[in-house]
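The values are calculated or read from the model by the stated rules, or taken from the named source; none is laboratory data. Please read all numbers here as calculations on a predicted model, not as lab measurements. FYI the Cβ positions are ideal-geometry reconstructions off the backbone, even for glycines, and counts take in every protein chain you see. Only protein heavy atoms, including side chains, enter the accessible area calculation; ligands, DNA and RNA are left aside. Shrake-Rupley method; radii C 1.70, N 1.55, O 1.52, S 1.80 Å.
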Amino acid sequence: MGILNSSIGRKFAMALSALFLMVFLLQHFAINILSVFSADAFNTASHFMGTFWAVQYLLQPILIFGVIFHFVMGFVLEIKNSRARKISYAKNNGGANSTWMSRNMIWSGAAILAFIILHFIDFWIPEINTKYILGDMSGMHNGELRYFHELVEKFHSPIRVTAYVVAFVFLALHLLHGFSSAFQSVGANNKYTEGLKKFAKVYAIGIPLGFIFIALFHHFTGH
Ligand code: HEM
């Protein structure tokens, strides 16, 4: 595939998938934070996203492809970079001017991958099973929309909540380097760069902190 044959092309494709996933995270946060303020609003939004054709048959397949592409390309780039790095580090101690976050993107990425696997087992696979295997698109359980109740139930377990919170800390570390480096890879070096960098930092800390708040809120309030 032409663009993926060059390292610049691979970095560009990686950055594009990263920017797409960050738009998804913002939307995902906006829907899930509703669960803290109003069970009805969360149920209505979840049922809309869970049944609207454009989301289910268009955006969701693109999202799942984006998630898989980002992880696979992340590992491919890391293997290629680590081979190249071995040579350059020996020559000029390249590690000196890079951050912990940039040197450990593969580990923060691996932690997020482990989270996604747990998260799919918790939420997405049961959702796909109910709607597309059992064929129940009603979203109802015991006469009411089921999404809020299912979410709150998941956050009863202190082990799951701890795993989610630890994963969200790694998500912040991954985004702190990933967001600004993605902008660089797509060539967004211009007069807005300083503003973009500030936005990237606020996003990289704010969104994971918001997800931590959602998980701890439901765990400690039980609703
Ligand atoms: C407290 C935090 C979170 C909650 C409560 C939450 C909740 C959910 C729920 C209920 C679903 C099923 C939606 C459906 O398929 O109808 C879902 C799916 C998903 N979540 Fe999360 N999520 C959280 C954090 C995250 C984070 C941090 C990521 C990424 C790093 C993420 C990635 C995904 C993906 C990729 C899907 C499958 C696609 C989708 O159906 O939207 N989630 N999540």
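Residues in the stretch 134-162 that are among the aliphatic types (A, V, I, L, M), open to solvent by less than 50 Å² (accessible area, probe 1.4 Å) and part of a helix (DSSP H, G or I): Leu151, Val152, Val161. Of the candidates Ile212, Ile205, the single residue that is open to solvent by 40 Å² or more (accessible area, probe 1.4 Å) and closer than 22 Å to Trp107 by Cβ is Ile205.
Within the stretch 16-72, the set of residues being over 30 Å from Gly222 (Cα atoms), open to solvent by 80 Å² or more (accessible area, probe 1.4 Å), aliphatic (A, V, I, L, M) and more than 11 Å from the ligand (Cβ to nearest atom) comprises Leu16, Leu58, Val72.
Of all positions in the stretch 112-133, at least one carries a residue that is more than 25 Å from Met73 (Cβ to Cβ), open to solvent by 70 Å² or more (accessible area, probe 1.4 Å) and more than 20 Å from the chain's Cα centre (by Cα). Checking the structure you have, find out if any residue of the stretch 163-185 is assigned to a loop (DSSP other than H, G, I, E, B), within 13 Å of Ala18 (Cβ to Cβ) and hydrophobic (A, V, I, L, M, F, W, C). Checking the stretch 163-185: not a single residue is assigned to a loop (DSSP other than H, G, I, E, B), within 13 Å of Ala18 (Cβ to Cβ) and hydrophobic (A, V, I, L, M, F, W, C).
Each residue in the stretch 188-202 was checked for being open to solvent by 20 Å² or more (accessible area, probe 1.4 Å), touching a Ser or Thr at 6+ places or on another chain (Cβ under 9 Å) and either within 19 Å of Phe29 (Cβ to Cβ) or within 16 Å of the ligand (Cβ to nearest atom) (or both), and 1 pass. Contact map, the stretch 135-147: first residue at positive phi and in contact (Cβ under 8 Å) with a residue 40 or more places away in the chain, second residue more than 11 Å from the ligand (Cβ to nearest atom) and in a strand (DSSP E or B), Cβ cut-off under 8 Å, separation 6 or more or different chains; pairs are Gly139/Leu145.
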